[in-house]
Amino acid sequence: MTIAIAPRIQIIEDEFKRALAVLDDVLNYIEGHKPQPALRVMMLNNTIVALVSIIEETLRDLFKVYLTILEEGFTDYRWLRPQLRSANLESAVQLLREHRSESDFDSSAVVKDLARCLDGASDFRLFKEELTYNKGNFRSRQLTDMAKNVGIERLWEQTCDSPEVEAYTGDAALETRVNKITALWNAVFDERDLVVHSISKASGWGAERIRQAAALFSLIIMRVAASLVRDVSALIDQHDKRLAAAGVRDKGVE
C-alpha cells in the first residue's frame, strides 16, 4: 500500500514556519518598542541563538521522518543502502560503548534491535536518535555528514540545484551557488558561537540581518525537504518493484 511521504515531511516544514513566525514577532516587538541599547542587543542575540536551535531541530526531525518512512516501507533491513546500514551498526556500537558502565542502561534492548536489523526482520528499528545526532553546530559539513549517513551524496549540490536558489544567489553556475550558500549558512553559526561563547566579539546583528538569515534557512529547509521526499520516494519505489518481482507481499503500510 502507498505510504504518504510528502505530507509527513510537510508537517515538519509547517512547524518550522510557525517557529520562524514567532521569532519575527519578537523582532517586530524589538523594533516597535525600541528598548535600551544593552537590552536590545541581548534580545537580538537571544533571537540568533533561538534561530539556530530551530534550524537544528528541524533538520534532525526531517531526517528522523525520512528514516521512519524507510522503517515502514522496507520489508528487509538488508535492502537498505550500505551507507545507512554501516552508520546504523556504528550507532549501535557507539551506544553500547558510551553507556556500558551505566547500571540502568538496557544494553539487551540495543542488542535486540540490532539483531532484528541484521536478521532481516520486517519490524526492524533504526537507531534514529543516534543517526541524526549532530556532534557540533549544523554547519554545512555537519549536514553533509548526516546526509551521507543515510546514503545521500552531494546534498548541498542537490539543495542548490534549483531555480529558487539560483534566483537567491544570482549565480548560474551550480558550484558558485553552493559556495555562496554554504558560506552564508556557516556565517550564521559563526555568529551564534560568538554570542554564546565570546559575546564581546559578536558583530551585533540587527533585526534585518537576522531576517535575512531566517530567509536563507527557510529556503534551505524547503530544498532539503524536497530532496528527502524525492530520495525516499525513489527508494520505496525500488523496494516495491523488487518485492513485486519476487512475488512477496509488502508490510501492509498505509
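Descriptive notes on the structure:
- Applying 0.36 nm per residue to the separation of residue 105 and residue 26 and subtracting their alpha-carbon distance, the gain on full extension is 24.3 nm.
- Cα gyration tensor category, rounded, prolate or oblate, for region 105-163 with a/c compared to 1.5: oblate
- Here the simple spin-label model places points 7 Å from the Cα toward Cβ, and for residue 245 and residue 166 these points are separated by 3.5 nm.
- Estimated inter-spin distance, residue 186 and residue 123, nm [label 7 Å along Cα→Cβ]: 4.6 nm
- Across region 223-231, rounded Karplus estimates of 3J(HN,Hα) from the backbone phi angles (6.51 cos²θ - 1.76 cosθ + 1.60, θ = phi - 60°) give 6, 4, 4, 4, 5, 5, 4, 4, 5 Hz, Gly and Pro being marked x.
- Using equal-weight Cα scatterers in the Debye expression, the normalised intensity of region 127-254 in log10 at q = 0.15, 0.21 Å⁻¹ is -0.84, -1.27.
- For the chain, the longest principal axis of the C-alpha atoms and the axis of helix 37-73 are separated by about 10°.
- Calculated P(r) of region 21-160 - Cα pairs past 20 Å, %: 59 percent
- Backbone phi angles across region 105-117, fed through the Karplus curve with coefficients 6.51, -1.76 and 1.60 (θ = phi - 60°), yield HN-Hα couplings of 7, 8, 5, 5, 5, 5, 4, 5, 4, 5, 5, 4, 5 Hz in residue order; Gly and Pro are listed as x.
- Note on region 91-123 and region 1-60: Cα centroid distance 35 Å, given to the nearest whole angstrom.
- Cα shape, region 1-67, gyration tensor, a/c 1.5 rule: oblate
- Here Rg and Dmax of the Cα atoms in Å was computed from the coordinates, and among (1) 20.9, 71; (2) 22.3, 77; (3) 19.9, 63 the match is (1).
- Selection of chymotrypsin sites (Phe, Trp or Tyr not before Pro), region 49-146, meeting DSSP coil and at most 13 other Cβ within 10 Å: 133
- Between helix 6-33 and the chain: long-axis angle, C-alpha atoms, 0 to 90°, nearest 10: 10 degrees
- Projecting the Cα atoms of 82, 203, 39 onto the dipole axis of the chain, where Lys and Arg carry +1 and Asp and Glu carry -1 at the beta carbon, places 203 farthest toward the positive end.
- Fluctuation leader among 221, 55, 30 - the chain, Gaussian network, Cα springs under 10 angstrom: 30
- Annotation for residue 208 and residue 94: the two label points, set 7 Å from Cα along the Cα-Cβ direction, are 4.2 nm apart.
Bear in mind that the values in this text are calculations on the coordinates, not laboratory data. All values reported here derive from a predicted model rather than from experimental measurement. All Cβ positions, even for glycine, are placed from backbone atoms using ideal geometry, and neighbour counts span all protein chains on display.
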